[in-house]
Amino acid sequence: MTWRNVVSSVNCGHIELPPRLTSLEVCAGAGGLALGLEQAGFDPVMVIDNRPIACETLRVNRPGWDVREMDLLDFDPADDRQVYDVDLLAGGLPRVKSPATAGRKRSDDAELDVLKAAVDLIYGVQPRAVLLENVPDLVRKDDYESVRAAVARELDHLGYGFCWHVLNAKDYGVPQSREVGLLVAFKGDLIDGFLWPAPHGGPPPSVGETLGDSMGARGWRDADKWAAQANVIAPTIVGGSWDRGGADLGPTGAKRKWERIGVDGVTVADEVPDAGFKWNPAAGRSGLVPLTVEQVAMLQGFPPQWRIAGRKTARYRQVGNATAPPLARALGQSIASVLRSTAEEPVCVTGR
């Protein structure tokens, strides 16, 4: 039984609700993973991120959450024992680069250090389940075999069964092709009952279907025409480096895909087009329509009411690096199903 599929009982006017579960989230970013897990029935006892602007985003949207601005490597669960024995330890970790990559930089080692710290945290917290998200190459490329082997040794030592997998957010209603690498682990033999979430039925909405209404919000006359030809899903949205450059929609190949549906992928706009905007892709960039941060968030699956703090580039970085909430919800539901299968009966709430 999942949170989404609430079991109703007509006897005595009661509704049986599945029990809420607890989580600890690290490297929380803009909250895409935490939001999806919340929708799946997990309430975080703490969320951690080292970027002040990401913590501001989390606090603005969920003032009741215990948001900690700190480096994961500095977190000691002994100082915050409410994290002990949570149902789920989750995190969308910085994108690990291959140990075999030539010309490695210190920053690459830092990303591996964060992954190691997240795995080490399992010992201190002893969660019932673990969900870590990273690049798909971490799961499927031979270059990462030493990293996977190190994680496997630690999980085996701690008594967790685990599995790696790659999922694409487009299979869960997100209007974007976005592959993610995933590690799911359970204490003891609970992994035997885990199933990766099945894809949603039907194709995801297109870019035009997702953004059509917002494109016409300021009276742009060609909004419907643009939406009709933007009949494909978005290429993978890339947040880019926090250390350099402005906001754009990804590498050269992605920008070309955006151009084919009349979008300027070289920049991110402050506002959607107004009534005077002349859409003419044949004229080059001046005739292409740029997307706003809010529209990019919609393509990531964030609800319109989820606010992103900061200036434009910082806001775009948060959105582009986030886990798509609908994918996080699907994963959370699959994990929760296993955890609840060993829990007590659902909470019974009196109906009105």
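For (1) touching a strand residue (DSSP E or B) at 6+ places or on another chain (Cβ under 9 Å); (2) in the same structural domain as N50 (by TED's automatic domain parsing); (3) not charged (D, E, K, R), each residue gets a yes or a no:
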residue	(1), (2), (3)
P63	no, yes, yes
V67	yes, yes, yes
L72	yes, yes, yes
R81	no, yes, no
V86	yes, yes, yes
P94	yes, yes, yes
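Of all residues in the range 171-198, those being out of contact with any Gly (no Cβ under 9 Å at 6 or more places or on another chain) and free of Cβ contacts under 8 Å to residues at least 60 places away in the same chain number 6. Being in contact with a helix residue (DSSP H, G or I) (Cβ under 8 Å, 6 or more places away or on another chain), of a type in the set (V, I, T) and assigned by TED's automatic domain parsing to the domain that holds L138 is true of V180. Of all the residues in the range 120-151, those that are within 19 Å of T22 (Cβ to Cβ) and assigned to a helix (DSSP H, G or I) number 5. Return yes or no: is W279 part of a loop (DSSP other than H, G, I, E, B), aromatic (F, W, Y) and in contact with a strand residue (DSSP E or B) (Cβ under 7 Å, 6 or more places away or on another chain)? Judged against the criteria, W279 is a match.
Taken over the range 297-338, residues that are among the β-branched types (V, I, T) and part of a helix (DSSP H, G or I) amount to 4. Restricted to the range 46-81, and to residues there that are under 18 Å from the mean Cα position of the chain (by Cα) and acidic (D, E), the residue that is nearest to T323 (Cα to Cα) is D49. Screening P19, P99, P63 for residues that are at pLDDT 85 or above, in a loop (DSSP other than H, G, I, E, B) and over 20 Å from V338 (Cβ atoms) leaves exactly one candidate, P63. Of the residues making up the range 155-165, those that are surrounded by fewer than 15 Cβ atoms within 10 Å (Cβ to Cβ) and either farther than 13 Å from Q126 by Cα or touching a residue at least 24 places away in the same chain (Cβ under 8 Å) (or both) are D156, G159, C163, H165.
Residue check: is I237 of a type outside the set (D, E, K, R) and closer than 30 Å to E154 by Cα? No. Annotation for the range 204-211: at least one member residue is surrounded by fewer than 20 Cβ atoms within 10 Å (Cβ to Cβ) and among the small types (G, A, S).
In the range 182-196, of all residues being within 21 Å of the chain's Cα centre (by Cα) and buried (at least 18 other Cβ atoms within 10 Å of the Cβ), the one that is farthest from V119 (Cα to Cα) corresponds to F194. Each residue in the range 105-145 was checked for being modelled with pLDDT of 95 or more and either on the phi > 0 side of the Ramachandran plot or polar (S, T, N, Q) (or both), and 2 of them qualify. All of G253, G239 fail the test of being among the small types (G, A, S), out of contact with any strand residue (DSSP E or B) (no Cβ under 7 Å at 6 or more places or on another chain), part of a helix (DSSP H, G or I) and not assigned by TED's automatic domain parsing to the domain that holds E38, apart from G253.
The values are calculated or read from the model by the stated rules, or taken from the named source; none is laboratory data. Keep in mind that what you see is a predicted model, and the values were worked out from it rather than measured. Here Cβ is always computed from backbone atoms with ideal geometry, including for glycine, and neighbour counts include all displayed protein chains.
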